[in-house]
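The structure appears below as structure tokens.
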Amino acid sequence: MKFPVLLTAFVLIISLQGCAYFNTYYNTKKLYKEALDERKRRPTTTPDKPTSAEIQKLDKTIEKGSKILQLHPNSKYVDDTLLMLGECFFQKQEYPQALRKFNELTSIFPKSDLVPAALLWKARTYIEQEDFTNAEAVLKDLQNRKKSGDILYQAQYYLAEIYYRQEQYDPAARLFEPAAKKMSDKKLRTEAYLRWGECRFKLKQYHEAAKAYYQASKQDVEIDIKFNAGLSFARALKADSSYHKALIKLNSMQKEFSNHKDLSWVRFEIADCKLRQGKREEAEDLFAAINANDKRTEASAAAFFVMGDLYQRTKYDYAKAKEAFDKVRSENNRSAYAEEAQRRAKAIDDYQKLKNAISLLEMQQNSPGDEAKLAAAMEQKGKSTRASIRRLPSKKLDLSNDPAKLRNDLADQWINLAELYYYQFEQPDSAIYMYQNVIRDFGDTEAAPAAMYALAFLRPSQDSTSTAERDSLLQLLATKYSNTRHGREARKRLGFTDAGEPQAATASEKFRRAEDLLLTNENPQEAIRLLQDLSQTQNDPEMASKSLFAIGWIYENKLTDNTQAYATYKQLLEKFPTSAYSNKVRKKVSAFEKQTAAAAADSSTVQQKASEDLRTRIEQDRQNAPAPIEKTSVQDEKPPAQQDNAEKVDDVSQDDDDDDVPPPR
């Protein structure tokens with residue numbers, strides 16, 4: 001009787017252990033799901049940063065998962081646990097640890113059904129580390145393993161993401177499009193449509209962008225994603241000059257998303273469409289309403305910026321323009337317009353200083369010695385104006401009684417004003433007009449050759465006529481103003497020695513020749529050869545370091561040879577450690593070395609990190625492993641039917657209250 005009882009007890013113990021183990025795995029899985037739910041609750045201000053609650057649940061998942069590996073190394077759930085742990089480290093942004101777990105899974109369990117998923121996560125980890133070379137290699141390996149199925153389309157999506165992050169928008173768009181149409185995961189499918197639209201938008205292919213954004217807006221996803229997709233669709237229509245169709249979509253969004261936190265952006269886009277339609281007064285009223293009703297929002301900051309731009313470029317009311325620009329940052333300092341608004345406000349402030357300075361100098365020139373009149377004028381402009389004049393971009397303003405000095409000072413201020421129009425206001429025609437006036441009215445001053453030199457390079461050089469005008473100005477500088485700084489620079493540009501004869505090609509000219517070989521003749525190898533000669537220049541370290549930087553850039557961006565690029569950048573750092581060009585590549589070299597070291601460390605320590613039981617399992621798997629699996633018989637879930645793309649935008653009703661806009665043809 002004792003034997004059956006003992007056997008029953010033994011079986012019961014084994015069963016209880018199995019149940020306990022399964023419960024541990026189940027609870028760990030449940031905890032990880034809770035962490036993913038926390039991820040969805042990340043604040044919109046920091047969507048890429050895990051919250052403390054999320055990290056806490058991820059840490060508990062890692063703790064429980066590690067116990068499973070330690071106590072049950074031979075369980076059938078070990079590969080599942082390794083994948084889960086890798087995902088946890090990925091979500092915590094601890095990428096080296098994530099890579100280690102994914103590598104353990106693929107190395108220890110090469111026949112596991114989870115290997116494709118581990119490879120996909122591994123590629124995603126490399127992408128987050130900006131190690132695009134390794135990420136692309138992993139994804140292409142995955143594509144070779146999986147000839148069909150949803151995981152293949154996800155690999156296509158992340159391959160497109162690599163191109164996107166490197167600003168290679170055309171190849172990225174070509175991959176995002178088919179991935180979007182075939183993936184079954186609706187959220188990832190929507191993101192692919194959005195990325196596809198963004199790529200086409202950046203390529204200024206707005207009609208194609210609108211098609212992609214339309215499809216994204218029709219997916220059954222959470223409200224914020226749906227809202228952003230609809231808004232992007234309307235913006236693409238606007239950029240394509242389809243203002244009426246954009247307004248139809250925006251008006252329907254006002255009804256559909258009446259309580260959305262970012263509805264102010266819809267109102268902004270409506271106002272902007274009205275402005276582009278030429279309905280300026282109506283647009284201004286709408287912008288003013290946004291400023292009154294949507295205070296402290298990014299849309300309100302954008303509305304102030306547009307109003308400032310209208311006052312500056314259309315109405316030439318610089319005082320009101322500056323007032324509007326100043327309000328952008330105070331309205332919302334995170335606004336994408338804040339930095340540009342600050343620059344514009346400073347430029348207008350400098351403009352007022354220069355105009356005041358010119359006014360006072362002209363008054364002194366026209367009424368020399370009339371100190372009472374000048375003092376009254378300065379008093380009228382106010383103390384703040386006089387203080388501003390001392391901070392002009394040029395030297396301290398001195399209202400001299402010397403006519404020659406007065407003319408030089410006045411010409412200098414006109415040069416400063418011309419530069420401000422060109423560089424700050426981005427109005428080249430006004431700048432050219434002022435430079436011409438300086439040459440005409442102040443030809444006997446030092447400002448005249450400066451104006452000529454500026455004109456020589458401000459004029460477009462696409463045709464032979466403008467090139468001839470530029471060369472004519474340089475010839476005039478080289479002969480009439482040969483003793484000035486600009487005259488000497490013109491002589492160098494024309495290739496003349498002090499005797500007036502052409503001289504041998506300078507290092508700068510050789511560098512420009514290398515640029516022509518690269519950009520015009522598309523001959524990177526010959527450009528590298530010429531730059532290598534320049535990099536050996538002993539008496540010009542600036543040119544030598546610049547040439548090494550250019551060689552590395554060609555290897556990296558034109559020949560896509562990262563090894564040679566790294567070697568060249570490394571040489572640049574060693575030979576010219578304090579060069580400005582070395583500072584440009586220092587982080588890049590460091591990142592490349594870290595990635596190389598991390599990859600080597602990962603491949604060499606996978607076995608060391610495994611437990612003794614797992615090592616035994618490795619040996620068993622190696623001895624019994626069949627040939628690698630090339631394809632799977634499991635059919636992945638097919639995506640739901642896509643929206644019909646054949647609808648015509650020309651069929652849209654002219655009623656602005658229509659609920660929706662079909663996609664562009």
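All of the numbers you see were taken from the coordinates with simple rules; none came from a lab. Because the structure is predicted, anything quoted here is derived from the model rather than measured. Positions of Cβ are generated from backbone atoms using ideal geometry, with glycine treated the same way; all protein chains shown enter the neighbour counts.
From the Cα gyration tensor of the stretch 75-160, with a ≥ b ≥ c the square roots of its eigenvalues, which class applies: rounded if a/c is under 1.5, or else prolate if a/b is larger than b/c, or else oblate?
Numbers: a/c = 1.92, a/b = 1.13, b/c = 1.71.
Because a/c hits 1.5 or more and a/b fails to exceed b/c, the stretch 75-160 counts as oblate.
Distance in nm between label sites at residue 23 and residue 485, each 7 Å beyond Cα in the beta-carbon direction?
8.4
Express in whole angstrom the spacing between the alpha-carbon centres of the stretch 466-489 and the stretch 122-142.
54
Give me the Kirkwood hydrodynamic radius of the stretch 163-251 in Å, from all C-alpha pairs, to one decimal place?
Details: mean 1/r = 0.0785 Å⁻¹.
Evaluated on the stretch 163-251, it is 12.7 Å.
Using Cβ contacts closer than 10 Å as the measure, can you line up 586, 493, 195 from fewest to most?
On the way: 586 14, 493 18, 195 24.
Placing the least packed residue first, the sequence is 586, 493, 195.
Exposure proxy check: 242, 508, 547 ranked by fewest other beta carbons within 10 Å? Walk me through the numbers on the way to the answer.
Values: 242 22, 508 14, 547 27.
Listing 242, 508, 547 from fewest to most nearby Cβ atoms yields 508, 242, 547.
Please compute the volume of the convex hull spanned by the alpha-carbon atoms of the stretch 514-593 and report it per residue in Å³.
Values: hull volume 6.3 nm³, N = 80.
Cα convex hull per residue, to the nearest whole number: 78 Å³.
Strictly over 23 Å apart at the Cα level, which of 40/226; 211/245; 92/146; 101/226; 355/405 would you flag in this model? List each step's numbers first, then the result.
Numbers: 40/226 15 Å; 211/245 13 Å; 92/146 29 Å; 101/226 35 Å; 355/405 19 Å.
The answer is 92/146; 101/226.
Assuming a ≥ b ≥ c are the square roots of the Cα gyration tensor eigenvalues, decide whether the stretch 93-141 counts as rounded (a/c under 1.5), prolate (otherwise, with a/b larger than b/c) or oblate. Numbers along the way, then the final one.
Values: a/c = 2.44, a/b = 1.39, b/c = 1.75.
Oblate, because a/c is 1.5 or more while a/b does not exceed b/c.
Cα gyration tensor of the stretch 17-137, axes a ≥ b ≥ c as square roots of the eigenvalues: rounded (a/c below 1.5), prolate (a/b > b/c) or oblate?
Numbers: a/c = 2.46, a/b = 1.15, b/c = 2.15.
Judged from the Cα gyration tensor, the stretch 17-137 comes out oblate (a/c at least 1.5, b/c at or above a/b).
Could you compute the net charge surrounding residue 404? Neighbours are other residues with a C-beta less than 12 Å from the C-beta of residue 404; K and R count +1, D and E count -1. Walk me through the numbers on the way to the answer.
Numbers: positive: 405, 407; negative: 402, 409, 444, 446.
Result for the local shell: -2.
Cross-link list 49/594; 202/327; 279/315: which exceed 19 angstrom alpha carbon to alpha carbon? Write out the running numbers ahead of the final one.
Numbers: 49/594 23 Å; 202/327 29 Å; 279/315 15 Å.
From the list (49/594; 202/327; 279/315), the Cα-Cα distance tops 19 Å for 49/594; 202/327.
By per-residue mean of other Cβ atoms within 10 Å, what is the highest-first order of 422-428, 444-450? All intermediate terms of the calculation are to be shown ahead of the outcome.
On the way: 422-428: 14.7, 444-450: 20.4.
Taking the mean over residues of other Cβ atoms within 10 Å, the ranking is 444-450, 422-428.
What order do you get for 54-60, 209-215 when each peptide is scored by the mean count of other beta carbon atoms within 10 Å, highest first?
On the way: 54-60: 18.6, 209-215: 27.4.
Top to bottom by mean Cβ count within 10 Å: 209-215, 54-60.
Explain nothing, just compute: Karplus ³J(HN,Hα) = 6.51 cos²θ - 1.76 cosθ + 1.60, θ = phi - 60°, for every residue of the stretch 440-446 in order, whole Hz, x for Gly and Pro.
Result, ordered by residue: 6, 8, 10, x, 8, 9, 5 Hz.
Near the amide H of residue 496, under 5 Å away, which other amide H atoms are found, from residues 5 or more places off or on another chain, if H is placed in the peptide plane?
Here 503 satisfy the definition.
Go through 29/60; 33/218; 187/249 and tell me which ones have a Cα-Cα distance over 18 Å in this structure.
Details: 29/60 11 Å; 33/218 27 Å; 187/249 22 Å.
33/218; 187/249, as the Cα separations exceed 18 Å there.
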